[in-house]
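The values are calculated or read from the model by the stated rules, or taken from the named source; none is laboratory data. Here the structure is a predicted model, which is why all the values come from computation and not from measurement. Note that each Cβ is placed from the backbone with ideal geometry, even for glycine, and that neighbours are counted across all protein chains shown. Note: areas computed on protein heavy atoms with side chains; ligands, DNA, RNA excluded. Shrake-Rupley method; radii C 1.70, N 1.55, O 1.52, S 1.80 Å.
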Amino acid sequence: MDSERSRIAVAGASGLIGSALVRSLAADGHEVVRLVRRAPRGADEVRWDPAAGRVDAAGLEGCDAVVDLAGAGVGDHRWTEAYKARIRDSRVRGTRVLAEAVASLERPVRVFVSGSAIGYYGDTGGRAVDESAPAGEGFLPSLCVEWEGAAAPAREAGVRTVFARTGLVVARHGGAWGRLFPLFRAGLGGRLGDGSQYWSFVALHDEVAALRHLLDRDDLSGPFNLTAPHPLTNREITAAMGRVLHRPTPFAVPAPVLRAVLGEMSGDVLGSARVLPARLLESGFRFAFPEIDGAIRAAL
């Protein structure tokens, strides 16, 4: 889609990744249609209500691609049963309604890119995994399995369907890293637990570039890990943050404290995800910021 002007619909266009993707597509002259939950304010917006299972499918006619990046923030609140239901419903229902709309179009889109996460693999410990690995156990793996399964209507209609399993996005504002930067700048940063757990990160620039790559390549479908090729431990990332920001990192948050404060979500923070982007690399994608120091500097 780089060589010609395309019409691309994006759900979650106001989020960290979605807004960066929209800027990138628009800068290259593509027509971006944003899915919004309020009344549309122009021809570049389409109304949808994922909770109610409704979308204005007519507004998607003529689109070359649909990208689904919508969903309640996993780390925005403590994981009560009610909030876990909200996380699940916002992703599964939203993806299903979009996939069904895509399947109903008179003129099929070329590709449906459905957001997912490396939470699919669960806690991998020190074991490196790629897209061939099975789903793990727990809330996030089961969520990701159901989330990806919700895209079935599009895939069954013959639409090329891609699952973007995103890692921890290194960005100055938004996401997990948006919370880390202020702490480290203030000299209050430190490892979480014993720091041995692997964090699979990706620079926001590379996240957007990878999504563009998946949109462009008609031969790519199925799951792709959107993570830098060299995952590091939390201890190593803590050292890198201190090194790049020129701040000390003397503090450590003990695991029991994290469990008391975060509840069930602490398992995701203390868990280890050593995830490799095997299929992305095999497809010829090249990371601009494969190392953590560069990814951090790119976010500043």
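Worth pointing out:
- Geometric descriptor of the chain, per residue, is 125 Å³ (volume of the convex hull of the Cα atoms).
- The mean accessible area for residues of the stretch 12-98, using a 1.4 Å probe and ignoring ligands and nucleic acids, is 46 Å² per residue.
- S24 paired with A298, simple spin-label distance in nm, labels 7 Å along Cα-to-beta-carbon: 0.9
- When the chain is described by a simple charge dipole with +1 on each Lys and Arg Cβ and -1 on each Asp and Glu Cβ, the residue from A295, S272, V253 located farthest towards its positive end is V253.
- Ellipticity estimate at 222 nm from DSSP helix runs (n ≥ 4, -39,500 (n - 2.57)) divided over the chain, nearest 500: -11500 deg cm²/dmol
- Carbon and sulfur %, accessible surface of the chain computed with the full protein complex present, 1.4 Å: 52
- Signed unit charges on C-beta, dipole axis of the chain, positive-most listed residue L220, F285, H173: H173
- Taking amide H as placed 1.01 Å from N in the peptide plane, the amide H of V162 sits under 5 Å from that of F112, V113, S114, G222, each at least 5 places away or on another chain.
- Debye, to nearest 20: dipole size of the chain, +1 on Lys, Arg Cβ, -1 on Asp, Glu Cβ: 920
- Principal-axis analysis of the Cα atoms of the chain puts helix 16-27 at an angle of about 50° to the longest axis.
- Taken about its Cα centre, the stretch 114-244 carries a charge dipole of roughly 640 debye when the Cβ of each Lys and Arg holds +1 and the Cβ of each Asp and Glu holds -1.
- Stretch gain in nm, segment A128-R47, where the contour uses 0.36 nm per residue and the Cα spacing is subtracted: 25.0 nm
- Cα gyration tensor, the stretch 1-145 - rounded (a/c under 1.5), prolate or oblate: prolate
- Burial ranking of peptide ranges 178-187, 223-232 (average Cβ count within 10 Å, highest at the top): 223-232, 178-187
- Cβ-based charge dipole, the chain, positive-most Cα from A154, L192, A135: L192
- Estimated dipole of the stretch 33-172 in Debye, rounded to 20 [Cβ of Lys and Arg +1, of Asp and Glu -1, Cα centre]: 380
- You can think of it this way: the chain between E31 and E156 has 42.3 nm of extra reach, that is 0.36 nm per residue less the Cα-Cα gap.
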